[in-house]
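Read through the structure below, which is laid out as structure tokens, and then see the notes.
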Amino acid sequence: MDDQTTIVRPAIGQARRLVLVTETWPPEINGVAMTLSRLVQGISDLGWQVRLVRPRQKSDGEDSAGHMLVPGLPIPGYSGLRFGMPMVEKLRQAWKKERPDVVHIATEGPLGWAALKVARNMGIPVTSSFHTNFHRYCKHYGMSWLRGVVTRHLRQFHNQSALTMVPNDTLRQMLLQENYRNVAVLGRGVDSSLFSPARRSPALRAEWGLAPDDLAVIYVGRLAAEKNLALVIKAFDAIQKVNPTARMVWVGSGPEARKLMRRYPQHIFCGAKSGEELAEHYASGDVFLFPSMTETFGNVLTEAMASGLAVVAYDYAAAEIFIQPGVNGVRVPFGDSAGFIQAATALVADPALMRQYGGAAASAVAQCSWQSVCRLFDGYLQAQIPAQNVPEDVASPSLTPQL
């Protein structure tokens, strides 16, 4: 060792220590922040002691709830989000004083690279998550020339971790074909006690200018170029020709929000919502349009299904897993924009089928609990800890990772 700092290791029987490194965290509203919040809550309940390393947010006060906060800089095109600075020495000193059993890195920015470097140099097991298709975002921000660089960056990063967790098997197979190693599936849950058809609000629908039987077409998510929002608009224009009283409702914020509000003042823009207010907005819609082609999963899709909405989406990620065509929603071949518009208009032209799909959708995701996801995450993490460091009661995890 290069100094006299005492390394504190957990004794047998003590809680296992996880450090989670991320550049996004609530109250920021996005799928990654929500997923990580659920995972931290779940594995804390399973006996892990979790410490976060993340950029400081504007909302952070003096009490950071045990989080290690680092300086950050704004992420271009992502108002309110920041990437963390690579605080190598701060991480090294913190982990010498209180050594984690595992470091899990959820984002691949400078802070994530610093954490990867320090953990590997100290011999601490590292796992990672592949949450965002950044390489697919390049063309939407005029940087197609960067795609190859970003692809190599992501592969190099994740291949230095012991295990990379992805939200579905299709993505796992794709990454393996791109020479990623040690990739495992960690799916997503949905809180059916929060997202439920019972949250439907006649009062909210009245605010939107809807009569009880009028059609609310809804989009929930980031208002950004990579979400393929132009297809939402084209599909809704076609829907209005079939159903002239239909209203288009947007729930979310992002760099495209102002432009959309200027161009489509007749649409309803609700801004970003969370918690029970978000659940009420979902359930007060009728049809959910989700034409994004850059998702690794798409939490909003399962939230919409749990809320009892008929969903139209491309045939990949969460839609491929949960939508059964002709039973609980509509899947369209990936990238078929004409087919997407046709499917949306055909669905709203049959109100009985639309209601049937919505009811079946809620049932289809009812058993997708975050508790089961967190148990699998727990198993993946335990599998990385050397046997002598694992408390006796967890030395043989009940959920063995399937690579």
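The values are calculated or read from the model by the stated rules, or taken from the named source; none is laboratory data. If you're wondering where the values come from, they're calculated on a predicted model, not measured in any experiment. We place every Cβ from the backbone using ideal geometry, glycine too, and count neighbours over all the protein chains shown.
With the requirement that a residue be within 15 Å of residue 235 (Cα to Cα) and acidic (Asp, Glu), what does segment 327-353 give you?
Once the filter is applied, which keeps residues that are within 15 Å of residue 235 (Cα to Cα) and acidic (Asp, Glu), segment 327-353 yields only 336.
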Please work out if residue 399 is modelled with pLDDT under 95 and either touching a helix residue (DSSP H, G or I) at 6+ places or on another chain (Cβ under 6 Å) or in a helix (DSSP H, G or I) (or both).
yes
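For every residue, the table says whether it meets (1) closer than 24 Å to residue 337 by Cα; (2) in the same structural domain as residue 34 (by TED's automatic domain parsing); (3) surrounded by fewer than 23 Cβ atoms within 10 Å (Cβ to Cβ).
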| site | (1), (2), (3) |
| --- | --- |
| 218 | yes, no, no |
| 230 | yes, no, yes |
| 244 | yes, no, yes |
| 252 | yes, no, no |
| 255 | yes, no, yes |
| 259 | yes, no, yes |
| 263 | yes, no, yes |
| 275 | no, no, yes |
| 288 | yes, no, no |
Where residues in segment 355-374 are of a type outside the set (A, V, I, L, M, F, W, C) and crowded, with 20+ Cβ neighbours inside 10 Å, which of them is nearest to the chain's Cα centre (by Cα)?
358
Of the residues in segment 298-325, those that are buried (at least 24 other Cβ atoms within 10 Å of the Cβ) and of a type in the set (Phe, Trp, Tyr) number 1
Would you call residue 194 modelled with pLDDT of 95 or more and assigned to a loop (DSSP other than H, G, I, E, B)?
yes
List the pairs whose first member sits in segment 286-304 and is within 19 Å of residue 356 (Cβ to Cβ), whose second member is among the basic types (Lys, Arg), and whose Cβ atoms are under 8 Å apart, counting only residues at least 6 apart or on separate chains?
302/188
Options 322, 334, 340; residue that is in contact (Cβ under 8 Å) with a residue 24 or more places away in the chain, within 24 Å of residue 30 (Cβ to Cβ), out of contact with any helix residue (DSSP H, G or I) (no Cβ under 7 Å at 6 or more places or on another chain) and not β-branched (Val, Ile, Thr):
334
So, in segment 189-228, of the ones that are hydroxyl-bearing (Ser, Thr, Tyr) and in contact (Cβ under 8 Å) with a residue 40 or more places away in the chain, which residue ends up nearest to residue 369 (Cα to Cα)?
192
Mind listing whichever residues of segment 191-236 are in contact with a strand residue (DSSP E or B) (Cβ under 9 Å, 6 or more places away or on another chain) and farther than 22 Å from residue 29 by Cα?
205, 207, 208, 209, 210, 214, 215, 216, 231, 233, 235, 236
If I filter segment 227-248 for residues that are more than 21 Å from residue 334 (Cβ to Cβ) and acidic (Asp, Glu), do I get at least one hit?
yes
Which members of segment 177-191 meet the condition of being modelled with pLDDT under 95 and not in a loop (DSSP other than H, G, I, E, B)?
177
Number of positions in segment 18-73 that are closer than 19 Å to residue 297 by Cα, among the hydrophobic types (A, V, I, L, M, F, W, C) and in contact with a Lys or Arg (Cβ under 7 Å, 6 or more places away or on another chain)
1
Single match in 288, 334 (criterion: assigned to a loop (DSSP other than H, G, I, E, B), of a type in the set (Phe, Trp, Tyr) and modelled with pLDDT of 95 or more)
334
Filter result for the condition that a residue is within 25 Å of residue 150 (Cβ to Cβ), assigned by TED's automatic domain parsing to the domain that holds residue 181 and in contact with a Gly (Cβ under 9 Å, 6 or more places away or on another chain), over 54, 38
54
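Based on this model, can you work out whether residue 236 counts as surrounded by 20 or more Cβ atoms within 10 Å (Cβ to Cβ) and in a helix (DSSP H, G or I)?
yes
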Residues being surrounded by fewer than 22 Cβ atoms within 10 Å (Cβ to Cβ) and closer than 19 Å to residue 155 by Cβ: count how many of those fall in segment 83-111.
1
Considering residues that are touching a residue at least 60 places away in the same chain (Cβ under 8 Å) and surrounded by fewer than 19 Cβ atoms within 10 Å (Cβ to Cβ), the number found within segment 42-58 is 3
Is there a residue in segment 266-273 that is on the phi > 0 side of the Ramachandran plot, more than 15 Å from the chain's Cα centre (by Cα) and modelled with pLDDT of 95 or more?
yes
Suppose we keep only residues that are of a type outside the set (Gly, Ala, Ser) and part of a loop (DSSP other than H, G, I, E, B) within segment 159-176. Which one would you say is nearest to residue 112 (Cα to Cα)?
160
Among the residues of segment 162-190, how many are touching a strand residue (DSSP E or B) at 6+ places or on another chain (Cβ under 6 Å) and among the charged types (D, E, K, R)?
2
